[in-house]
């Protein structure tokens, strides 16, 4: 009997030891909640900004051409230099044109002499007609001759004017201020009305920058401006080819009245001061269009934004430290941050690190990011 009690007690003690061991193992196998790093959605004053790719265009560009035919005698400029309106650029061979002017002057003098003689003959005919010493027909003939010679004077004067104009065209001058390009022809070349331009002058201060804006973006900008109660005025900034920001802001001065049927875009043109010639006509540039008025907006770090088939979303940690998915509507991109137009409130905690380790409804351990300075508008390098 005593031996039986001893065996039973041993069994009970063994079972109790196993139960404690299983409980300890179960406690050890249960993992702690995953840790995530969160940041609070903040309300900041930002200027809505959109990015585009534009091309620089000259405000004024003139192709210098020969207006009469002649041999190119002399060039007066250095290629690439700045010129002023009225500066001499080329001179064509002048002697043939000078000779023609002298010929036309002689023609005019002859026409005037013929007119003077015809006038004298007409006055004499009128005197003889009063004494009936000349028939009426002769008087009429002399009057017609006089009128013909008067018309001859006008014709000769017009021919002289044309000859003088053509002589003036042998001196080719700059029509505008600007920078002149390379000379197409060398001295001694025969040029004329059908020849290519002798050179081009470009005035690039100020300078235009044109860029296409889709109808969707244009309508979205107008809708947001109306919803937020701000004006439609914008400021345009450039980033040059080397990645540096252009110091001078631009201003939109033209919006095309028709859309391109192939791309459904509208051409927008901004004008920039360009006193140092940093912007070269024809070059590409990254364009940032920024609202002239700041708007109070919800901002979260770029790292918080994810995308699925339903669109962009963020993972939000609730007050009881559980994760939920929140689909959002985004706005302008900032430096390391993004504007959220819809879906979040100021103070919402969004996951910026560790999102791949959690699922909706799961409890998490939360670490918060330190406070950061307000983000600046993002400018893409060209």
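The values are calculated or read from the model by the stated rules, or taken from the named source; none is laboratory data. Just so it is clear, the structure is predicted and the values come from calculations on it, not from any experiment. Please note: Cβ atoms are built from the backbone with ideal geometry, for glycine as well, and neighbour counts cover all protein chains shown.
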Any residue at all in segment 27-36 that's at pLDDT below 85 and assigned to a strand (DSSP E or B)? yes
Give the number of residues within segment 85-142 that are over 60 Å from the mean Cα position of the chain (by Cα), on the phi < 0 side of the Ramachandran plot and not in a helix (DSSP H, G or I). 4
Count, please, the residues in segment 236-257 that happen to be more than 14 Å from residue 274 (Cβ to Cβ), part of a loop (DSSP other than H, G, I, E, B) and without any contact (Cβ under 8 Å) to a residue 60 or more places away in the chain. 4
Among (1) under 26 Å from residue 368 (Cβ atoms); (2) in contact with a helix residue (DSSP H, G or I) (Cβ under 7 Å, 6 or more places away or on another chain), where does residue 298 come up short? (2)
Over segment 292-333, the set of residues in contact (Cβ under 8 Å) with a residue 40 or more places away in the chain, at negative phi and not in a strand (DSSP E or B) is 292, 293, 294, 303, 304, 320
Report whether or not residue 75 is within 20 Å of residue 199 (Cβ to Cβ) and either surrounded by 16 or more Cβ atoms within 10 Å (Cβ to Cβ) or touching a strand residue (DSSP E or B) at 6+ places or on another chain (Cβ under 9 Å) (or both). yes
